[in-house]
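These notes are about the structure you will find just below.
The values are calculated or read from the model by the stated rules, or taken from the named source; none is laboratory data. Just so it is clear, the model here is predicted, and its values are computed rather than measured. Here the Cβ is made from the backbone with ideal geometry for all residues, glycine too, and neighbour counts use every protein chain on show.
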Amino acid sequence: MRLAIHFQDADAFYEQLLDAHAGLSREDSELLNARLILLLANQVGDSRVLRECIEAAREMPTPTAE
């Protein structure tokens with residue numbers, strides 16, 4: 001599993017992600033996230049890497065409001 005930034009253009013991806021959620025209800029936004037996760041997981045394909053990613057995501061600290 002890669003932990004270093006590996007995006008070609010992280011800012012553009014983030015903008016695309018925000019745009020994809022624009023105007024959606026919370027339920028539709030959650031459904032979009034679920035679909036996107038499954039599509040990206042299919043691109044990765046390696047169950048070991050996917051398991052490591054799930055574990056890493058669970059261990060990441062929750063940001064606090066400032």
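Just wondering, is there one or more residues in region 48-66 that are part of a loop (DSSP other than H, G, I, E, B) and either in contact with a Gly (Cβ under 7 Å, 6 or more places away or on another chain) or surrounded by 10 or more Cβ atoms within 10 Å (Cβ to Cβ) (or both)?
Within region 48-66, not a single residue is part of a loop (DSSP other than H, G, I, E, B) and either in contact with a Gly (Cβ under 7 Å, 6 or more places away or on another chain) or surrounded by 10 or more Cβ atoms within 10 Å (Cβ to Cβ) (or both).
Given the conditions (1) closer than 22 Å to MET60 by Cβ; (2) surrounded by 10 or more Cβ atoms within 10 Å (Cβ to Cβ); (3) at pLDDT below 95, and given that ALA12 satisfies all but one, which numbered condition is not satisfied?
(1)
Taking ALA34 as the residue in question, decide whether it is among the small types (Gly, Ala, Ser) and touching a residue at least 40 places away in the same chain (Cβ under 8 Å).
No.
For residues that are surrounded by fewer than 10 Cβ atoms within 10 Å (Cβ to Cβ) and of a type in the set (D, E, K, R), scanning just region 19-47, find the one that is nearest to LEU3 (Cα to Cα).
Within region 19-47, the match that is nearest to LEU3 (Cα to Cα) is ASP19.
Would you call ALA41 free of Cβ contacts under 8 Å to residues at least 12 places away in the same chain and of a type in the set (A, V, I, L, M)?
Yes: the conditions hold for ALA41.
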